[in-house]
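The values are calculated or read from the model by the stated rules, or taken from the named source; none is laboratory data. Quick caveat, the model's predicted, so the values are computed rather than measured. We place every Cβ from the backbone using ideal geometry, glycine too, and count neighbours over all the protein chains shown. Heavy atoms of the whole protein, side chains included, go into the accessibility calculation; ligands, DNA and RNA do not. Shrake-Rupley method; radii C 1.70, N 1.55, O 1.52, S 1.80 Å.
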Amino acid sequence: SAGMDDLSLRLDQIEPAAIAAADRWYIPAGVADSIIWLGRETVEVGRKVLNFLKDLLKGATAPIFMFMDAWDWMDVRGSASGIASALTEQHLVVDNSDWSGKARDAYVSSVASHREAATRISSIASSTSGHLLACAAAGAAFYTTLAVVLAKLIAAAIEAIAAFGSAVFSWAGAAIVLEEAGVNTAIIATAITTLSAFLAAQATSMVNLH
């Protein structure tokens, strides 16, 4: 995505900024080495978070397909509901004068069981659609959280580049990225835990429908 590419580009700019800052004439050799090391470590941490986000974003289209499947199940519910409404003795009445006997009685008596089956299908389809919509909404909220995290990391990387460029504030640049990486990783972990628990509950409910 554009956001991931932007973050990657910003991370690529941190080490050159650190090297340029360390190369200034007034920077002692020991300090210069520390600035370069700090820049590289900052990029490494940023790359780990970036790769983590890339793995998570592989399922970003899942909510869309869940919404689509939910609407398909609503169509199933509508069809089954229509069939259940049509399967009544009033709709399928057979005049005794035209047809009577055991066959007729068996035909009429089977109407109720067919209607119940269609009603059950309609109910399952409705519940399945509801669960899919709930899962889609939860998934969308999760990926919205990731988008916010990504935006914050991009902003932190931009600030880090500026801080490293000043040499004097290189430590501040590293702190910005490292703090955002730590805080946002915790946010992501919490979001994953919440989403996993929610989806597990939804899956259990869907299994119990049958």
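Here are the numbers for the structure shown:
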quantity: Residue among Ala21, Ala60, Ala32 that alone is open to solvent by less than 80 Å² (accessible area, probe 1.4 Å), part of a helix (DSSP H, G or I) and touching a residue at least 12 places away in the same chain (Cβ under 8 Å); calculated: Ala21
quantity: Output for region 151-189, where each listed residue is surrounded by fewer than 22 Cβ atoms within 10 Å (Cβ to Cβ), modelled with pLDDT of 70 or more and touching a Ser or Thr at 6+ places or on another chain (Cβ under 9 Å); calculated: Ile187, Ile188
quantity: Of residues in region 101-113 being assigned to a helix (DSSP H, G or I) and not hydrophobic (A, V, I, L, M, F, W, C), the one least open to solvent (accessible area, probe 1.4 Å); calculated: Arg104
quantity: Qualifying residue in region 64-76 (condition: open to solvent by 30 Å² or more (accessible area, probe 1.4 Å), at pLDDT 80 or above and farther than 24 Å from Ala141 by Cα); calculated: yes
quantity: Residues within region 1-18 that are open to solvent by 50 Å² or more (accessible area, probe 1.4 Å), farther than 25 Å from Thr61 by Cβ and either in contact (Cβ under 8 Å) with a residue 60 or more places away in the chain or part of a loop (DSSP other than H, G, I, E, B) (or both), tallied; calculated: 2
quantity: Members of region 114-126 that are open to solvent by less than 40 Å² (accessible area, probe 1.4 Å) and of a type outside the set (A, V, I, L, M); calculated: Ser122
quantity: Candidate set: region 1-37, residues that are closer than 13 Å to Leu153 by Cα and of a type in the set (D, E, K, R); chosen: the one modelled with the lowest pLDDT; calculated: Arg10
